[in-house]
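Notes to accompany the following structure.
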């Protein structure tokens, strides 16, 4: 009997010949992720009577959820995180403005096929797009990982989703993810490992593929995985090349000084691409792997989708909600704040303006995305259309700051959650959609696609 991806990677990590769903094992993460919540985790950690993290080189910490800090309390939290980082000698630390943890860790070469990441963030499922195992854990669990280097995990059952066909015009991977969640429900993948296969996946760009495992957190998944191919390894090679350029600039005196200088990507992504391809093949699901359930969808039949208030699985086709008034449009987050997303928004908004009485907020997922968008001219195009840009980070996605709606207002967002109060105001509505629909809606002042402009 064959094995699924999650069975293979957890068995390899635990040093076992094979594992089965439901089995409990001790996992040793290669990367332990935390962000602004690091300060709270450190209190639990120190309460254990332990002073030193066992493997500081495995920690990856970003300041992204309330960045820049909107209050004195948030600023103090950041100061506490910096002290912890310095005291523990954490090298993989990324300051305010570098961007959202899930985007940054991939750009920095910390994630590649075979990596096992446990993160104190629910969207750690994101990393399956690069052939890694990513799963979210609680703060006390993260403190235990810091202390011991390990955490017990239950091996998840696996779901297989096969996407056939090709997308219709203006349909994106976000629409596919919303459609699947709408079909299977917000608990349709509870504690499962969700795998994505098929020609529709193979036809996606790398940036589009990140959306799929990221959104599976909204279906209750423990982890997710996307089939790797030449697109995956070309993207990894691009990060290696960018890392080499960064090293050269630093050697010429262009780098920043200081104890907390982030590591070079070229050092993180040590393996040759051919070695990563071999690891990917080794961990790929077997043809006779056993799944809890299998689902097949035809991408050609799916139109743009919108998740309506106040549940991510309250999904309707765009045609059913066209014309709904919106006050704010938000383009960003770890789900859809990448260059591809900003580019399509700029394309749609070229020569147009944000509708009177409506505002458009754009927050790039990382400083690298922001810089690339500036170089490509997308930032200028969107500013000319009336958009407002925020510092790379999570922004209003979790309701901290930078775009909190007023009571009674409606926001259309490229984020991943729309439960009541998610953006900081319980008396407001959040609609989730692709960057295409977010941009078109900002122009129309109501929910719309490019065809309605």
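Considering 356, 364, 405, 435, the condition of being in the same structural domain as residue 315 (by TED's automatic domain parsing), touching a strand residue (DSSP E or B) at 6+ places or on another chain (Cβ under 6 Å), touching a residue at least 24 places away in the same chain (Cβ under 8 Å) and farther than 19 Å from residue 178 by Cα is satisfied by 405 alone. The listed residues are 178, 110, 117, and the only one of them that is part of a loop (DSSP other than H, G, I, E, B) and surrounded by 19 or more Cβ atoms within 10 Å (Cβ to Cβ) turns out to be 110.
Looking only at the range 366-400, which residues are in a loop (DSSP other than H, G, I, E, B) and either farther than 22 Å from residue 349 by Cα or over 19 Å from the mean Cα position of the chain (by Cα) (or both)? I'd like the intermediate steps shown before the answer.
First, pick out the residues of the range 366-400 that are in a loop (DSSP other than H, G, I, E, B): 377, 385-387, 390-394, 399-400.
Within the range 366-400, 377, 385, 386, 387, 393, 394, 399, 400 meet the criteria.
Do we find that residue 345 is crowded, with 20+ Cβ neighbours inside 10 Å and either modelled with pLDDT of 95 or more or closer than 20 Å to residue 209 by Cβ (or both) in this structure? So residue 345 passes the test.
Taking the range 265-290 on its own, how many of its residues are part of a loop (DSSP other than H, G, I, E, B), buried (at least 18 other Cβ atoms within 10 Å of the Cβ) and either outside the structural domain of residue 159 (by TED's automatic domain parsing) or modelled with pLDDT under 95 (or both)?
Of all residues in the range 265-290, those part of a loop (DSSP other than H, G, I, E, B) come to 269-272, 284-288, 290.
Filter once more, keeping what is buried (at least 18 other Cβ atoms within 10 Å of the Cβ): 269, 284-285.
So of that shortlist, the ones also either outside the structural domain of residue 159 (by TED's automatic domain parsing) or modelled with pLDDT under 95 (or both) come out as 269.
Going through the range 265-290 one residue at a time, the tally reaches 1.
Evaluated against (1) buried (at least 19 other Cβ atoms within 10 Å of the Cβ); (2) on the phi < 0 side of the Ramachandran plot; (3) at pLDDT 95 or above, residue 393 falls short on exactly one condition, (2). For the range 108-128, a residue qualifies if it is within 12 Å of the chain's Cα centre (by Cα) and either outside the structural domain of residue 59 (by TED's automatic domain parsing) or closer than 19 Å to residue 233 by Cβ (or both), and the qualifying residues are 126, 127, 128.
Yes or no, residue by residue, for (1) at negative phi; (2) in a strand (DSSP E or B); (3) modelled with pLDDT under 95:
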{"site": "97", "(1), (2), (3)": "no, no, no"}
{"site": "102", "(1), (2), (3)": "yes, no, no"}
{"site": "145", "(1), (2), (3)": "yes, no, no"}
{"site": "162", "(1), (2), (3)": "yes, yes, no"}
{"site": "183", "(1), (2), (3)": "yes, no, no"}
{"site": "187", "(1), (2), (3)": "yes, no, no"}
{"site": "193", "(1), (2), (3)": "yes, yes, no"}
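The values are calculated or read from the model by the stated rules, or taken from the named source; none is laboratory data. Everything numeric in this text was worked out from a predicted model, so none of it was measured. Cβ: placed from backbone, ideal geometry, glycine included. Neighbour counts: every protein chain shown.
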